[in-house]
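Trainee: Once you've had a glance at the structure underneath, I'll fire off some questions.
The values are calculated or read from the model by the stated rules, or taken from the named source; none is laboratory data. Computed from a predicted structure; not experimentally measured. Cβ coordinates were reconstructed from backbone atoms using ideal geometry, including for glycine residues, and neighbour counts include every protein chain displayed.
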Number of protein chains: 2
Amino acid sequence: MFVERKVKDFINIDPLQTGGRLTEDAKRMLLEWGDGYSVCDFCTGDLHAIKNPPIADFVEELANFLGCDIARVTHGAREGKFMVMHSLAKKDGVVVVDSNAHYTTYVSAERAGLKVVEVENTGYPEYKVVEERFEDAIREGKRRGEVVLAVLTYPDGNYGNLPNVKAVVEICHDRGVSVLLNCAYSVGRMKVKADELGVDFVVGSGHKSMASSGPVGVLGLFEDYAKLVLRRSERFKNKEVELLGCSVRGVPLMTLMASFDHVRERVKVWDEEVKKANWFVKEFESLGFELLGEKPHRHDLLHFKTDKLYEISKRVKRGGYFLYDELKKRRIHGVKPGRTKSIKLSTYMVPRDDLKKVLEAFEEILEKYSAKGSP
Amino acid sequence: MFVERKVKDFINIDPLQTGGRLTEDAKRMLLEWGDGYSVCDFCTGDLHAIKNPPIADFVEELANFLGCDIARVTHGAREGKFMVMHSLAKKDGVVVVDSNAHYTTYVSAERAGLKVVEVENTGYPEYKVVEERFEDAIREGKRRGEVVLAVLTYPDGNYGNLPNVKAVVEICHDRGVSVLLNCAYSVGRMKVKADELGVDFVVGSGHKSMASSGPVGVLGLFEDYAKLVLRRSERFKNKEVELLGCSVRGVPLMTLMASFDHVRERVKVWDEEVKKANWFVKEFESLGFELLGEKPHRHDLLHFKTDKLYEISKRVKRGGYFLYDELKKRRIHGVKPGRTKSIKLSTYMVPRDDLKKVLEAFEEILEKYSAKGSP
């Protein structure tokens, strides 16, 4: 069976996808290493120690890239979070998380048997993490049990907000709480150095932000915690328990490796991406929409309040799907079907000319459905 | 960066790899769906419910193929085992496993905080699982805690032995213990129907036996346990906790789907593969080697005691690596470098002509290093 991808030649502004498009090298890797377990051609018992293909070297460079002592390849950011939480879990354990956290942060905690205490954001319109509120949350967490970890989302996938990491770390460390930074949308897009930021763990996503096939992610940590999180099996001394021996034993890892040079280069021109995002915000707002999240924005993940589209959806036959239909006609992919009250998109690595077409598309759609000329 | 695979045109008899070679459709899928998170183009919140690409349909057919009520895609057999063990885990929980179990069965139990009680095999030369010994093991398990699961390996990766599943199931069920069948080397090669065999869970491996890229696996189960193992998050009602929401959100799943028609056909000609394996055993033993494991053999995973090779290794400069060197020269891949006391290989889907070349190679190597003519 072969299934064609419907949107492959579309302009893609899907927040989940703009950072995960493969490089040409990664595409070549796919065919070269596609066969099951081919990365294990010369395995000596530990995926991260394989020399041919050069996984061991890559993992070392990855640790350096993350500003950590040690790195591991995971199936994704969520699996990295679970590994850490599961290792740190205790009876009556509590995780403190910012309320912009990805749903998998909550589900990881739930799977690890940990309670969650949330740090509220500022609400509409900026939904910012208030760093100082981690104090209260830790206090509340300690009332409910033992706080084993704090998770900060950097940035969150909903608003693209970048909280002040150092401020949160200072509060947490002062209270004996370690910090995991969820960088699913930053590692591979912008510079993230765990040592400079002071966090204890960092997780990233290959498919979301490192030009890789899914599923693959990264985990960075330091010697102190490695003993616990990367503990080895009592019976099988070269097998790490939390990885069940080996994690991504297949081709997504090879795409991560293939794209790594490109990724290291592209984080250097992140400022250009932020400029482009803010240019888009300005243009898009001029159509009568409103950016949610931090302003000025410091990330390509954009969330707009789109009342005008919602108003249209209430009076057209297809309801909320009218927008999806119109964008599809114009070969634009990435706005969730059915959604009109607010929409999320990403400008990351989308050429300015394509973004202009997106702006034109929305302008046309508003015009077409304007009260006067509505079909 | 691009890395070439060294052994791609070699005759491949690696037990880890013969069942994971991609179909042509799967190769096309790789490029079509390689970009990170492209399978999520039209996601509505649950990987297994995605209609385009037709993942939902596939998962339903997969359940049917496994003889189960429900199927899930996992990162591999080990991750399926851990999901089940983690769901069933209790304080002082015990898992009973056959001693031919893959190391990941032990590591999964360790990660889930479960003790392991082993069912001894018969030892040299057949290393067979003695089904009746599950009785004693369960009794021992109950002395040590609460037996939450039995795991049977079908076949094991060391000898390719196929134990009597129904006999084990009867013993376990009579004692209130559920059975997980580890089919990493059977689902996708031979017919496995969980309902006919009576097991409660079945796990399989895409990269090992279903012509798929790694990492991907399958889990089959029934309604009764689905409520527990596939329990949904309290907060996010459409997210399954043990899958952290979604598992293989990427291209390995697409290769599994692409190869599924082929896989369903190839299990029908399994008898031919077993015949070929036994033909190979006869020829290989005629060189002075001895098959370990069940005789006659019922699987393509072959393990030979190779004293003659070990004797050579003791008197040549490269030691155990001489065999690897000689096979490499002849473009034969799959025997573990350094190994000579015993070697493991697989004949699965290796053309008879290629297997003849393998036999000739070993004959030549023995001749070359015979006491008289030794280099």
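To keep it simple, each residue is scored yes or no on (1) within 21 Å of the chain's Cα centre (by Cα); (2) surrounded by fewer than 24 Cβ atoms within 10 Å (Cβ to Cβ).
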position	(1), (2)
B:Glu234	no, yes
B:Asn238	no, yes
B:Val251	yes, no
B:Phe260	yes, yes
B:Arg264	yes, yes
B:Trp270	yes, yes
B:Lys275	yes, yes
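Trainee: Return a yes/no flag: does segment A:220-229 have any residue that is part of a loop (DSSP other than H, G, I, E, B), more than 21 Å from the chain's Cα centre (by Cα), surrounded by fewer than 24 Cβ atoms within 10 Å (Cβ to Cβ) and more than 12 Å from every other protein chain (Cβ to nearest Cβ). Quick ask: steps written out before the conclusion?
Mentor: Going through segment A:220-229, the residues part of a loop (DSSP other than H, G, I, E, B) turn out to be A:222.
Those still in the list that are more than 21 Å from the chain's Cα centre (by Cα) too: A:222.
Then keep just the ones that are surrounded by fewer than 24 Cβ atoms within 10 Å (Cβ to Cβ); that gives A:222.
From what is left, the residues that are more than 12 Å from every other protein chain (Cβ to nearest Cβ) are A:222.
Yes, segment A:220-229 contains at least one residue that is part of a loop (DSSP other than H, G, I, E, B), more than 21 Å from the chain's Cα centre (by Cα), surrounded by fewer than 24 Cβ atoms within 10 Å (Cβ to Cβ) and more than 12 Å from every other protein chain (Cβ to nearest Cβ).
Trainee: If you scan segment A:1-42, which residues turn out to be surrounded by 19 or more Cβ atoms within 10 Å (Cβ to Cβ), among the acidic types (Asp, Glu) and either closer than 21 Å to A:Val267 by Cβ or more than 7 Å from chain B (Cβ to nearest Cβ) (or both)?
Mentor: Residues satisfying the conditions are A:Asp14, A:Asp25.
Trainee: Please go through segment A:245-298 and pick out each residue that is away from every other protein chain (no Cβ under 14 Å), assigned to a helix (DSSP H, G or I) and basic (Lys, Arg). Steps first, answer last, please.
Mentor: We begin by selecting, within segment A:245-298, every residue away from every other protein chain (no Cβ under 14 Å); these are A:266-298.
If we keep only those that are assigned to a helix (DSSP H, G or I) too, we end up with A:266-285.
Scanning segment A:245-298 gives A:Arg266, A:Lys268, A:Lys275, A:Lys276, A:Lys282.
Trainee: Can I ask one more? Just to be sure, is A:Ala137 surrounded by fewer than 22 Cβ atoms within 10 Å (Cβ to Cβ), among the aliphatic types (A, V, I, L, M) and over 17 Å from A:Thr104 (Cα atoms)? Give the steps one after another, and end with the answer.
Mentor: Values: surrounded by fewer than 22 Cβ atoms within 10 Å (Cβ to Cβ): no; among the aliphatic types (A, V, I, L, M): yes; over 17 Å from A:Thr104 (Cα atoms): yes.
Here the answer is no, as A:Ala137 does not meet what is asked.
Trainee: The conditions are (1) at the interface with chain A (Cβ under 10 Å from one of its Cβ atoms); (2) over 28 Å from A:Glu242 (Cα atoms); (3) touching a residue at least 12 places away in the same chain (Cβ under 8 Å), and B:Phe65 fails exactly one of them. Which is it?
Mentor: Only one criterion is unmet by B:Phe65, namely (1).
Trainee: Identify the single condition in (1) facing another protein chain (nearest Cβ under 10 Å); (2) under 30 Å from B:Lys237 (Cα atoms); (3) surrounded by fewer than 19 Cβ atoms within 10 Å (Cβ to Cβ) that B:Asp46 does not satisfy, given that it satisfies every other one.
Mentor: So the condition that B:Asp46 fails would be (1).
Trainee: Using the structure shown, decide if A:Gly67 is within 28 Å of A:Asn164 (Cα to Cα) and crowded, with 19+ Cβ neighbours inside 10 Å. Steps first, answer last, please.
Mentor: Details: within 28 Å of A:Asn164 (Cα to Cα): yes; crowded, with 19+ Cβ neighbours inside 10 Å: no.
It is false that A:Gly67 is within 28 Å of A:Asn164 (Cα to Cα) and crowded, with 19+ Cβ neighbours inside 10 Å.
Trainee: When only residues in segment A:333-349 that are surrounded by fewer than 22 Cβ atoms within 10 Å (Cβ to Cβ) and within 13 Å of chain B (Cβ to nearest Cβ) count, which is farthest from A:Leu309 (Cα to Cα)?
Mentor: A:Met349
Trainee: So, one more: I'd like the full set of residues that are under 13 Å from B:Asp156 (Cβ atoms), of a type in the set (Phe, Trp, Tyr) and away from every other protein chain (no Cβ under 14 Å), limited to segment B:87-138.
Mentor: B:Tyr127
Trainee: Checking the conditions here, which among B:Asn161, B:Asn121 is under 15 Å from the mean Cα position of the chain (by Cα) and either in the same structural domain as B:Val218 (by TED's automatic domain parsing) or of a type in the set (Val, Ile, Thr) (or both)?
Mentor: Answer to the check: B:Asn161.
Trainee: Follow-up. Name the pairs whose Cβ atoms lie under 7 Å apart, with the first residue in segment B:165-179 and part of a strand (DSSP E or B), the second at pLDDT 95 or above and not charged (D, E, K, R), and 6 or more positions between them or separate chains?
Mentor: Short answer, once both residue conditions are applied: B:Val179/B:Ala150; B:Val179/B:Leu152; B:Val179/B:Val168; B:Val179/B:Val169; B:Val179/B:Cys172; B:Val179/B:Val199.
Trainee: Among A:Val199, A:Val192, which is in contact with a Cys (Cβ under 6 Å, 6 or more places away or on another chain), closer than 27 Å to A:Arg264 by Cβ, hydrophobic (A, V, I, L, M, F, W, C) and not in a helix (DSSP H, G or I)?
Mentor: A:Val192
Trainee: Within segment B:8-31, count every residue that is more than 18 Å from A:Ser213 (Cα to Cα) and in a loop (DSSP other than H, G, I, E, B).
Mentor: The qualifying residues number 13.
Trainee: Now, a different point. Being in contact (Cβ under 8 Å) with a residue 40 or more places away in the chain and within 25 Å of the chain's Cα centre (by Cα) is the filter here; which residues of segment A:49-62 pass it?
Mentor: A:Ile55, A:Phe58, A:Glu61, A:Leu62 - these are the residues of segment A:49-62 that are in contact (Cβ under 8 Å) with a residue 40 or more places away in the chain and within 25 Å of the chain's Cα centre (by Cα).
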